[in-house]
Each structure stands twice: as C-alpha cells, then as structure tokens.
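S.K.: The structure's right below; bear with me while I get my questions together.
The values are calculated or read from the model by the stated rules, or taken from the named source; none is laboratory data. Computed from a predicted model, the values in this text were never measured in an experiment. Cβ: placed from backbone, ideal geometry, glycine included. Neighbour counts: every protein chain shown.
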Amino acid sequence: MDENTMTKKRLTVFLLITFLIAWAIFMLVPILGLTYGQGSSIIIVASAMFAPTLGNILTRLITKEGFRDLFLRPSFKGHVRQYLLVYFGPTLLIFLSAAVYFLFFPGSFDSSLSYVKHLAVVSGKTGLTDDYFRKTVLEQIGIIVLIGPVVNIIPTMGEEFGWRAYLLPKLRGFFSDRKALVITGIIWGLWHLPVIVMGHNYGKDYFGYPWLGILAMVLFCLWLGIIEGYISIKLRSAIPAAMIHSTVNAAAGLPLYFIKGSYVSLLGPSITGVIGAIPFIAVAVVLLIKAGKLSSETRIVPEAGRK
C-alpha cells in the first residue's frame, strides 16, 4: 500500500473513531433521560472532549503508524512573543467581541448586571448587594485574564491532540494549508452536531432550529479553527491551540454578564454568535490569507497529491 493510500486510510479510521466515540457519549444524555447542561450531563459531555485524543492514539495503533510527530512539544525557545500573544490575545478578542456586539445592539447593554443577578436568584442566592455582584464579575474577569489559557487545558487538549495534532497535519499532505485549515474547522464543527441539537450554545428557542444552530457552530469552529490551526502550524505544536481553546471555553459567555432583555443566540452576545464573533472572523481571514505563504519547512508530512 503506497503512502497516499495509507494516509487516506488513517484519516478515515481517525474520523470514524473520533465521531463514533464522541457521538455515542453525547447520546447518553437523552438515552439516560438527562437534561442537557445540568447535573451529570455536564460530566458526560465533557468526557467526549477526549474522543479526538482516543482517535489519534487508536489510529496510530491500529494502522501501525507509531508515535512520531505528535505535535506536543511546546516550542517555547525563540517563540516567547508568540506564546504571550496566544496567552493574552484571545481574551482581548473576547472583550473586543463584547464591545462590537453592544455597538450593534446598544440597547442590550446593562451595566447594572441584571442578568448576573437573575442567575443568582435562580440558584437560590438572595439579599446580595450590587457591590457583591460587581466584585464577582471583576474577579471572574481577572481569573480569565490570568489563568484562562490553562484553566481548561486538559479537556481542550483532549480535542486538540486530535484536531490540530493529527487531522490537520494529515490533511496538509493532500491540500494547501488554506484548504486544510478550512476542512479541519468544518469537520470540527460538524462533530458538535448532537449537542447543538440538544441546545449547546444556542438553546432550542430560535428560528430555524436546529439547522441554523448547526450552521452557526460550523462557522464558529471554522473561524476559531483557522486561528488555532495557523498557530499550530507556525509553532509545530497543538499546545497553543489548546491554550486558545481553553480561554474561549472559559470566557465565551462573558458578554452575557452585561446583557439586558432577550437576545438571539445565533447573533451573540457570546462569540459563538455571528456578530459576537466578528473580531475572531477578522483575525481568521487575515491568518487564512497569510496561510498561503507558510513556509514548506513547517510541513511534517509528504505533499501527497496536493490540490
């Protein structure tokens, strides 16, 4: 079997394992009669984040590929500035995303934090002062800025060891870097399909449910996947992608703290909405353009049948 055929086989095995394991885990939520986003369903869904890692490892074992080129070296030497940008840049983009959303919908901005107060009441906390809520939000922002890139890095690495450390390098053997980045992002988005149907990120009460939610998630994963994939290629490591992913998971809902009244989740204020994601989209477009100039030295796979 030639190298091209073997690589295609490995891609097929990886995708089958990754999707089947994750979707089987996701489906435990309705099978067990659980409510998505509550109780043990959170643990079940979080465990599915390790399916891409299992896909990577099992594919290497099944196809006797071995464990070279794992994309796990941090590559700190000579890349301190890039890692500082990875550490603080996504948080800055999330703050900027909130500002952009509220520029589009200024009437939705609420400095009194009524949404946060509502959450407190729902959880049974009453009699809390405005100072308490302001302090809580400031503390949350501080935590995100200081440890956002590492607070979720174990589960996010569970995904990135599959998407950015295995799928993306393999696709780069058949496609240009631009196409490989786009295809990886789309696949990543479709992987979320069962949980989007369950209400992940967008709920269920929106026009076009669930198809517009699925489309919105694919687009979000496309923008974010381009950013994560580009830096992974540049630094030859999936660790920066996991750091970005960790920050996003920690802070994606931050703009909701300042929302007033109803909102359309497909638009924002979270960065998973189309308007909320505008700063991420802008960065992704710039990096996608730059991806056409990535050095061939960053390749670790043969350019097999590249299109």
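S.K.: So if I check each of G199, G162, G225, G185, which one is farther than 22 Å from P149 by Cα and either buried (at least 20 other Cβ atoms within 10 Å of the Cβ) or not polar (S, T, N, Q) (or both)?
M.R.: G199
S.K.: Condition first: among the acidic types (D, E) and either surrounded by fewer than 16 Cβ atoms within 10 Å (Cβ to Cβ) or touching a strand residue (DSSP E or B) at 6+ places or on another chain (Cβ under 7 Å) (or both). Now tell me which residues in segment 28-79 satisfy that.
M.R.: D69, the sole residue that qualifies.
S.K.: Which of the residues belonging to segment 146-179 are closer than 21 Å to L93 by Cβ and not in a helix (DSSP H, G or I)?
M.R.: N152
Quick grid of which residues meet (1) farther than 23 Å from G253 by Cα; (2) polar (S, T, N, Q):
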| residue | (1), (2) |
| --- | --- |
| L138 | no, no |
| V145 | no, no |
| N152 | no, yes |
| F161 | yes, no |
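S.K.: From the list S114, S108, which one is crowded, with 16+ Cβ neighbours inside 10 Å, over 19 Å from the mean Cα position of the chain (by Cα) and of a type in the set (G, A, S)?
M.R.: Numbers: S114 fails: crowded, with 16+ Cβ neighbours inside 10 Å.
Of the residues listed, the single one that is crowded, with 16+ Cβ neighbours inside 10 Å, over 19 Å from the mean Cα position of the chain (by Cα) and of a type in the set (G, A, S) is S108.
S.K.: List the pairs whose first member sits in segment 101-130 and is within 25 Å of Q38 (Cβ to Cβ) and touching a residue at least 12 places away in the same chain (Cβ under 8 Å), whose second member is hydroxyl-bearing (S, T, Y) and exposed (fewer than 10 other Cβ atoms within 10 Å of the Cβ), and whose Cβ atoms are under 7 Å apart, counting only residues at least 6 apart or on separate chains?
M.R.: From segment 101-130, no pairs qualify.
S.K.: Mind checking which pairs have a first residue in segment 29-47 that is without any contact (Cβ under 8 Å) to a residue 60 or more places away in the chain and a second that is assigned to a loop (DSSP other than H, G, I, E, B), Cβ under 6 Å, 6 or more apart or different chains?
M.R.: Sorted first by the residue in segment 29-47, then by its partner, the pairs are S41/L34.
S.K.: So which of A216, A250 ends up being among the aliphatic types (A, V, I, L, M), within 23 Å of I25 (Cβ to Cβ) and at pLDDT below 95?
M.R.: Exactly one residue qualifies, and that residue is A250.
S.K.: So M157 fits all but one of (1) surrounded by 21 or more Cβ atoms within 10 Å (Cβ to Cβ); (2) within 25 Å of S265 (Cα to Cα); what number is the exception?
M.R.: Single failed check for M157: (2).
S.K.: A further question follows. Tell me, which residue of segment 241-294 that is under 11 Å from the mean Cα position of the chain (by Cα) and β-branched (V, I, T) is surrounded by the most Cβ atoms within 10 Å (Cβ to Cβ)?
M.R.: Among those residues, the one meeting the criterion is I271.
S.K.: Just for segment 58-79: of the residues that are part of a helix (DSSP H, G or I) and over 23 Å from the mean Cα position of the chain (by Cα), which one is nearest to G142 (Cα to Cα)?
M.R.: Of everything passing the filter in segment 58-79, R60 is nearest to G142 (Cα to Cα).
S.K.: Does segment 225-246 contain any residue that is assigned to a loop (DSSP other than H, G, I, E, B) and farther than 24 Å from I153 by Cβ?
M.R.: The answer is no; no qualifying residue exists.
S.K.: Of these, T12, T18, which one is assigned to a helix (DSSP H, G or I), among the hydroxyl-bearing types (S, T, Y), within 17 Å of P194 (Cβ to Cβ) and modelled with pLDDT of 95 or more?
M.R.: T18
S.K.: Considering every residue within segment 127-142, establish whether at least one is loosely packed, with under 13 Cβ neighbours inside 10 Å, modelled with pLDDT under 95, outside any helix (DSSP H, G or I) and not small (G, A, S).
M.R.: Yes: one or more hits.
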